[in-house]
Each structure stands twice: as structure tokens, then as C-alpha cells.
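To keep things clear, I will list the structure first and then write my remarks on it.
The values are calculated or read from the model by the stated rules, or taken from the named source; none is laboratory data. Predicted, not measured: the structure shown is a model, and the values here were computed from it. Virtual Cβ from ideal backbone geometry, glycine too; neighbours counted across all protein chains shown. The protein model used for the area step is the full one, side chains on, heavy atoms only, and it has no ligands, DNA or RNA in it. Shrake-Rupley method; radii C 1.70, N 1.55, O 1.52, S 1.80 Å.
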Amino acid sequence: GLRRVEALARWHDPDMGPISPSRFVPLAERHGLIDQMTQWGLRTTLRQWISWREQGLDTCLAFNISALNLDQLDFPDLVERMCRAQEVPTDRLVLGLSEGATLPLIKLMDTLTRFRIKGIGLAIDDFGVGYSTLLQLRQLPFTELKIDRFFVDDAPESKDSALIVKSIIDLAHGLGLTVTAEGVETEEQLKLLRDLGCDVAQGFFIARPLVPEQLIPWLDEFA
């Protein structure tokens, strides 16, 4: 069933067409706009949650943040206030951080811990291709690990990839984390992940990105 909806930021420029987050997020970080962009995105996402709840859908939300957002000492308090303002329970929210961003995060243990105290989940994105060490994974208060699509892609055909995926799932479960596989695009991938004990899967095989109004009709069809 539906466990969670991930909010995706997309920019369609009239002149340049679709612009990838891999382009505009680093620009926002470089020019001091990332806090404003994150707050706008989170506020928009929480408002959408209210709309879905009014239609009878109560699901969790995943929202990616930048490591630079954590430079704001009051960022956990701000996120909690935003949840309260929209009357969204904090335990419905999971904040994602890319693995590459976790290198300096060990210095921000207090900030991350304050998110957990408030009931907000923390996911480490794209695990397996970034810079984090197993030590950081143990020390930082994450609740979830997301396996990078690089390993999921050929796991049904490659024994090496399948072994890595199984090892990551077993490691995460041993540390008390749930596991999401990213980039699931085939039935074979989904079956293998289920057999290996993966908790959640996301990708085009399950659903392509939707505008918010399409989620309820998609869910009826999916069911």
C-alpha cells in the first residue's frame, strides 16, 4: 500500500523549459536563497497534506532539505512551527539528506537530534554512492536509509549488485533503520527487493511524478 509521498521540486521556465533540481538547488545554495526555497517548498507540501487529509488520505510526507539549511540553529523549531501552523503531526514528516551532504553533518548532531525529539524522521538519501562512513551511519540519528538507484538498477541480473543491496538492507535493519529502494522501474526489481526484505520501494514502476491533484485518482486505480 501507499506508505509515503515524496515532494519533488520542479522548475518549468517559459524560455528554458524544464530545469533540473541538480541545476537550480546548487544555484540557490550558492546565492543564499536555499533557506527561502526550502521554507516555501515545505510550506507548500504541508498545505497539500491538509488538502489530501480532507479528501480522506492520511499519508507520510518525504521532503529533501539541504545541509546548508542546518546552519540555521533554529531550523528544527521552524519546521515544527510550520507543522503546527498547518496542523500536520510531526511524525508524518520525513526529511531527506543526500549522503554526500552527511560528511559535515556529524558536527550538527544536536540539530539532527532535535528533529528526532520532535518526532520528525530523518532519511539518508542515495546511500552507497556518497561519502558517509558506517561510523557516521551509526552515530547520526537517522530513521531511514534509501538505497541509491545505481545498485537497484541491475540487481536482478548482477549477483554483485544484489549482494550489495542485501547487505545494505541487513545492515540498516541491524541498526534499527527502515529501508527504501529508489529507482524501481521493473517488476523483477520489485520482486527481488521484496524477497530481500526491503521495506519500501519508489520509482517509475510504482508511480511516475504526479501533480498533487492526480494522487487520489492514481491511488484508486493502484488499489
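Descriptive notes on the structure:
- Placed amide H near Ser98: partners under 5 Å, 5+ positions off or other chain: Asp125
- Hz values of 3J(HN,Hα) by residue in the range 58-70 - Karplus curve (6.51, -1.76, 1.60), Gly and Pro given as x: 10, 10, 7, 10, 10, 9, 7, 10, 8, 4, 5, 4, 6
- Taking GluC sites (Glu not before Pro) in DSSP loop conformation with at most 16 other Cβ atoms inside 10 Å as exposed sites, the chain has its longest uninterrupted site-free stretch at 1-86.
- In the range 117-223, the trypsin sites (Lys or Arg not before Pro) that fall in loop regions by DSSP, at most 16 other Cβ within 10 Å: Lys118
- For the range 119-223, the list of chymotrypsin sites (Phe, Trp or Tyr not before Pro) that fall in a loop by DSSP and count at most 13 other C-beta atoms within 10 angstrom reads Tyr131, Phe204.
- Out-of-range pairs (alpha-carbon distance over 26 Å; input Lys118/Lys191; Lys118/Lys146; Lys146/Lys191; Lys118/Lys166): Lys118/Lys191; Lys118/Lys166
- Size of electric dipole in the chain: Cβ of Lys, Arg +1 and of Asp, Glu -1, about Cα centre, debye, nearest 20: 600
- Option label - Rg and Dmax of the Cα atoms in Å computed here, alternatives (i) 17.5, 49; (ii) 16.7, 55; (iii) 20.3, 68: (i)
- Label-point separation, Ala207 to Gln36 (7 Å along Cα→Cβ), nm: 3.1
- Mean Kyte hydropathy of -1.0 or more with a Cα span along the axis of at least 18 Å, helices from DSSP in the chain: 34-54, 159-174
- In the range 65-223, the portion of solvent-accessible area held by carbon and sulfur atoms comes to 55 percent [1.4 Å probe, whole percent, DNA, RNA and ligands not counted].
- Percent of C-alpha pairs per 10 Å bin in the range 1-120, short distances first: 12, 43, 34, 11, 1.
- Accessible area (Å², per residue) of the range 1-103, counting only protein heavy atoms and a probe of 1.4 Å: 56
- Length-normalised contact order for the chain - Cα pairs under 8 Å, 6+ apart - percent: 14
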